[in-house]
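What follows is a single structure, written as structure tokens, with notes after it.
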Amino acid sequence: KVGKEENLRSPICCIMGHVDTGKTKLLDCIRGTNVQEGEAGGITQQIGATYFPSENIRERTKELKADAKLKVPGLLVIDTPGHESFTNLRSRGSGLCDIAILVVDIMHGLEPQTIESLNLLKMRNTEFIVALNKVDRLYGWKTCRDSPIVKAMKQQSKDVRDEFNTRLARIITQFKEQGLNTESYYKNKAMGETYSIVPTSAISGEGIPDLLLLLVQWTQKTMVGKLRYSDEVQCTVLEVKVVEGHGTTIDVVLVNGVLHEGDQIVVCGMQRAIVTTIRALLTPHPMKELRVKGTYLHHKEIKAAMGIKISAQGLENAIAGTMLYVVKPGDVGVEDYIKAAEEDKNSVMGRIDKSGEGVCAHASTLGSLEALLEFLKTPKVNIPVSGINIGPVHKKDVMKAGVMLEKKHEYATILAFDVKVDPEARELADELGVKVFTADIIYHLFDQFNGYMDSIKE
Ligand code: GTP
Ligand code: MG
Ligand code: NA
């Protein structure tokens, strides 16, 4: 029934904005989950994906408009980190999406990563809707749980409405300074020229129905061509992860087309392109986050758009952010795919200091490794890296880092982000004098390394 008549795929919506504006919390509010509170330091350090079936969107928007026509099968939402180190993941997310939600904290207005996100969206000509979040923090706000925003606003005292209008006007001015016209969505008569602002609360749910309905209506009204389902597979690798019982898996976003169990695929690898066969096609349950460990649904085939975990042999060195290609039966050869897969590999590898002098950087996923490398490269941090690895720290990694003992003693260091250190590796490190710093928040590694450098200087 849904999406059949025009055969549309689900739109992909990326959620972007400055750190702590409430991006993950907004998704939690829609999903009925609690992902945000499970994050280390309450900050998002990975890109995620959640599928919202149209049935759920209808349920959530029926008070606002009971007879809304939903032509798309659902909505695939990509969560991104707001922390400044994660430009790579914001860029990856915004590169995948049909539309974006730019989240702004009503108490803070536009912040540095709001502007960075805006520029990414402008660069790609991506439509977006502004979620003006945390309206419940206006002094004296009266909770109207999950209510459409106009209705909630009517319940507020004059003082609350005045404060809201003052802050809204200020933020509209800030957008104007960035060269953009914005207006609260219920007053916006020229959507497409003027960007819409939807006031929301991720805590009490006001404005969420409006945000969801606007997203779906706007995409199916203006992007029918782009959303038309096609057999041509378009698929991007988000993350590379070890999952118990499945070995190394890749999290992908299938933008268009269909994937089957048993499909032969080509993925970009650290050394060479990886040619393998899909062993299992897994998704989290609808309304659950792909990046959070949970139970997975097995599928024989999956149609776009969807966030999918693929299990297959030989994915250990796959590179996040690259394309996944499907070799069609009867295709002449895989060579063309291999060539294509290798083209954008150098961008990641180029980040490693070639001088051979530097610390070793470890991270749990390639996406987070990229972010760690990006962070270590920033001028105020400026720590050179000579080796990289993904996954737990083993003895062989300590040996590798130990090479630096002779060259530059302080670089005989492993910075381990969000990974475990094998006890034997720890023992060997103590024996050799290799320092291993671990943290589940990127910038804590800098603090530790800095403290160590200072202690050496003394
Ligand atoms: P990063 O992913 O780290 O960039 O942050 P984020 O944008 O995902 O924000 P997150 O969901 O982590 O929320 C940050 C903090 O703001 C948390 O303490 C939330 O509980 C709080 N918060 C988020 N949305 C709201 C809201 O609508 N109202 C109030 N009062 N607090 C909120
Ligand atoms: Mg977040
Ligand atoms: Na946060």
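Note on the chain: with charges restricted to the Cβ of Lys and Arg (+1) and Asp and Glu (-1), its dipole about the Cα centre is near 1480 debye. Averaging 1/r over every pair of different alpha carbons in the range 87-213 and inverting the result gives a Kirkwood radius of 15.0 Å. The magnitude of the dipole of the range 96-218, with charges of +1 and -1 set on the Cβ of Lys/Arg and Asp/Glu and taken from the Cα centre, is near 340 debye. Where Lys and Arg each count +1 and Asp and Glu each count -1, what net charge lies around Gly245 among other residues with Cβ under 13 Å from its Cβ? With Lys, Arg at +1 and Asp, Glu at -1, the neighbours total +3. Taking +1 at the Cβ of each Lys and Arg and -1 at the Cβ of each Asp and Glu, which of Leu211, Met123, Asn165 sits farthest along the dipole of the range 111-228 towards its positive end, judged by Cα position relative to the Cα centre? Of the listed residues, the answer is Leu211. Across the range 50-101, Cα-Cα distances exceeding 13 Å account for 65% of all pairs. Residue by residue, the range 304-315 carries 3J(HN,Hα) couplings of 6, 8, 7, x, 10, 9, 10, 9, 7, 6, x, 8 Hz when phi is fed to the Karplus relation 6.51 cos²θ - 1.76 cosθ + 1.60 (θ = phi - 60°); x denotes Gly or Pro. Cross-link reach is defined here as a Cα-Cα straight distance under 19 Å, omitting same-chain residues fewer than 8 places apart; for Lys457 the lysines meeting it are Lys380, Lys407, Lys408, Lys435.
From largest to smallest, the equivalent ellipsoid semi-axes obtained for the range 27-142 from the alpha-carbon gyration tensor read 24, 19, 16 Å.
Pairs Lys71/Lys288; Lys288/Lys309; Lys293/Lys420: which exceed 19 Å Cα-Cα? Pairs exceeding the cut-off: Lys71/Lys288. The aspartates and glutamates within cross-link reach of Lys226, meaning a Cα-to-Cα straight distance under 15 Å and a gap of 8 or more places when in the same chain, are Glu6, Asp98, Glu127.
With R₀ fixed at 30 Å, the C-beta to C-beta distance from Val258 to Lys420 puts the FRET efficiency at about 0.20.
On full extension, the segment bounded by Lys158 and Met287 gains 42.8 nm, given 0.36 nm per residue less the C-alpha separation.
Please report Rg over Rh for the range 374-436, where both radii come from the alpha carbon positions and Rh follows the Kirkwood definition. If you can, show how the numbers build up before the last one.
Details: Rg = 11.7 Å, Rh = 12.1 Å.
Looking at the range 374-436, the ratio lands at 0.97.
Extents of the chain, largest first, come to 70, 64, 37 Å (Cα atoms, principal axes, whole angstrom). Counting only alpha carbon atoms, the long axis of helix 366-377 and the longest principal axis of the chain meet at about 80°.
Listed values for the range 415-423 are Karplus-derived 3J(HN,Hα) couplings in whole Hz (6.51 cos²θ - 1.76 cosθ + 1.60, θ = phi - 60°), namely 9, 10, 9, 6, 9, 7, 10, 4, x, and x replaces Gly and Pro.
Setting aside same-chain residues fewer than 8 positions from Lys154, which lysines have a Cα under 22 Å from its Cα? Filter leaves Lys62, Lys65, Lys134, Lys142, Lys187, Lys189.
Working from the alpha-carbon coordinates of the range 307-458, get Rg over Rh, Rh being the Kirkwood radius. Could the numbers behind the result be given before it?
Numbers: Rg = 17.9 Å, Rh = 17.0 Å.
With Rg and the Kirkwood Rh in hand, the quotient comes to 1.05.
For the chain, the Cys residues with no second cysteine's beta carbon closer than 4.7 Å are Cys13, Cys29, Cys144, Cys235, Cys268, Cys360.
Coordinate-derived values only; no laboratory data. Owing to the predicted nature of the structure, the values given are computational and were not obtained by experimental measurement. Note that each Cβ is placed from the backbone with ideal geometry, even for glycine, and that neighbours are counted across all protein chains shown.
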